[in-house]
Every structure is written in C-alpha cells, then in structure tokens.
1. Mind putting a number on the dipole of region 1-113 about its Cα centre? Charges go on the C-beta only, +1 for Lys and Arg and -1 for Asp and Glu, and I need it in Debye to the nearest 20.
2. So who's got an amide H within less than 5 Å of the one on Ile195, skipping anything under 5 residues away but keeping other chains? H placed 1.01 Å off N, in plane.
3. Amide H of Tyr154: which non-local residues (sequence gap of 5 or more, or other chain) have their own amide H closer than 5 Å, using H built in the peptide plane?
4. I need the peptides 9-19, 188-198 ranked by packing, meaning the mean over residues of other C-beta atoms within 10 angstrom, with the highest value on top.
5. How many percent of the alpha carbon pairs in region 40-112 exceed a separation of 13 Å?
6. Work out the length of the dipole vector of the chain about its Cα centre, built from +1 on the beta-carbon of each Lys and Arg and -1 on the beta-carbon of each Asp and Glu, and round it to the nearest 20 debye.
7. Collect residues whose amide H, placed 1.01 Å from N in the peptide plane, falls under 5 Å from the amide H of Ala108; neighbours closer than 5 in sequence don't count.
8. Per residue, how big is the convex hull of the chain when only Cα atoms are used? Give it in Å³.
Amino acid sequence: MSKRRLMMLGPPGAGKGTQAKRIATEKSIPHISTGDMLREARRKGTEMGKEAARYMDAGQLVPDEVVIGIVRDRLDEDDASQGFILDGFPRTRAQAEALQQMGIELDAVLNIVVSDEAVIGRLGGRISCPSCGAVYHEMFNPPATPDVCDACGYQGLIKRDDDQPAAIKKRLEGYHAQTAPLIAFYQEIGALVAIDGEQSPEEVHDAIAEVIG
Ligand SMILES: [Zn+2]
C-alpha cells in the first residue's frame with residue numbers, strides 16, 4: 001500500500017523542503033511547512049507571527065501551542081484529506097502526541113540523516129530573499145545574477161539571522177535535544193524510516209520514492 005500521510009524529519013539543512021516539495025508535486029498532496037507558514041505570518045505581521053518572531057530571532061524553537069494551532073487549521077483544509085507531507089512538524093514528542101490526539105496517524109516518518117559537520121557546511125553559505133523567501137547557497141546554488149533573486153527579481157539577498165554560524169550550532173543542539181525522543185517515539189510505533197541524506201538530492205529522492213511507493 002502506498003504511503004501518503006508523510007512527515008519529513010532531519011536537521012536544518014538536510015534538504016527536507018526541497019525533497020518534500022518534489023514528493024508533494026509528484027503525489028498531488030500538499031507540502032505543509034511550518035517554517036514557511038511561520039515566516040508568512042511574520043511577514044504579514046499577525047499576532048502569531050510577532051510571537052513566533054521573538055523566538056526565531058533568539059535562535060529558539062517556537063512553542064508547541066503556537067505551532068500546533070496553525071498545523072491543526074491547515075490539516076482541516078480539503079486538499080489534505082488524501083494525504084500530506086509535513087515538514088518541520090512535529091518537532092517535539094509533545095507535538096507528536098498532540099498530532100496523535102487529533103486522530104492523525106502517519107504512514108511514514110522519513111528521517112533524513114545528515115552529520116553535524118555537513119549541516120554546518122551547508123547552512124553557513126545560505127542566503128535568502130527577504131521579499132519572497134527563496135533560498136540560495138553561495139557555493140552550491142548561487143542566483144544567476146549575484147545578489148538578485150531568481151524567483152522575484154529582488155536585489156539585496158541576505159544571510160538570515162538563523163543562518164549565522166553561532167545560530168546554526170545552537171539550532172543543532174536544540175534539534176538533537178528535542179528530536180531524540182521524537183525519533184524514539186516513531187521508532188516505537190514502526191513509522192520511522194532512515195534515509196541517507198548525504199547522497200545526491202536525486203538519490204535521496206529515489207530512496208524516499210521507493211519507501212512511499
Ligand atoms: Zn525573491
């Protein structure tokens with residue numbers, strides 16, 4: 001049986017977003033990224049966005065109740081009825097339990113495994129468009145014209161606060177502390193699948209496609 005209620009797990013910089021978007025397109029299921037939803041709320045200046053911004057600016061994770069609220073609303077929408085791919089949620093065991101209490105079971109939790117050293121190398125070079133949120137890499141994926149966003153033409157790409165080296169190390173520490181119990185949780189219920197995240201993006205995609213069918 002093919003698996004359509006999916007979740008991506010992995011450290012920042014593992015390529016979860018890119019992989020999730022491609023799978024979402026191929027399988028006609030929505031890609032539900034809490035990071036994108038939070039940044040959108042922040043850009044719009046909503047109450048939730050302002051609250052989330054305080055934590056994000058400090059390199060901390062946004063509290064469960066804020067994240068759970070927006071994910072619940074999103075999963076209630078029609079396009080998520082046949083499946084979805086969660087990206088960035090659940091991030092803690094408490095969030096995973098909240099998801100279960102909503103009656104939402106996951107068919108597969110795709111754990112993209114990447115070493116800390118590789119994460120720091122990847123994220124240290126990340127630059128973003130402050131206008132549309134597109135992400136580039138100084139070495140691996142530069143924009144066609146330096147400093148100009150390919151997607152929207154905005155000039156003045158930035159290194160986001162959360163892509164600075166000190167913030168990356170803090171995020172990795174937070175990631176390991178919070179997700180170790182999460183990994184154990186999904187391992188216990190048999191949903192966890194490890195994917196080698198240090199292969200090429202194409203190989204990572206093929207490994208995921210084989211798992212979900
Ligand atoms: Zn842009």
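1. Details: 17 positive and 17 negative charges, 86 e Å.
It comes to approximately 420 debye.
2. Asn111, Ile112, Val113
3. Close amide H contacts, sequence-distant or interchain: Cys149.
4. Values: 9-19: 21.3, 188-198: 15.8.
Per-residue mean Cβ counts within 10 Å order the peptides as 9-19, 188-198.
5. 70 percent
6. Numbers: 24 positive and 33 negative charges, 89 e Å.
Around 420 debye, computed over the chain.
7. Amide H neighbours of Ala108: Arg5, Met7.
8. Values: hull volume 26.5 nm³, N = 213.
For the chain, the hull spanned by Cα atoms encloses 125 Å³ per residue.
Each value in this text was obtained by applying a stated rule to the coordinates, not by laboratory testing. Remember, predicted model here, so these are calculated numbers, not experimental data. A quick note on method: Cβ atoms are made from the backbone with ideal geometry, for glycine too, and the neighbour counts reach across all protein chains shown.
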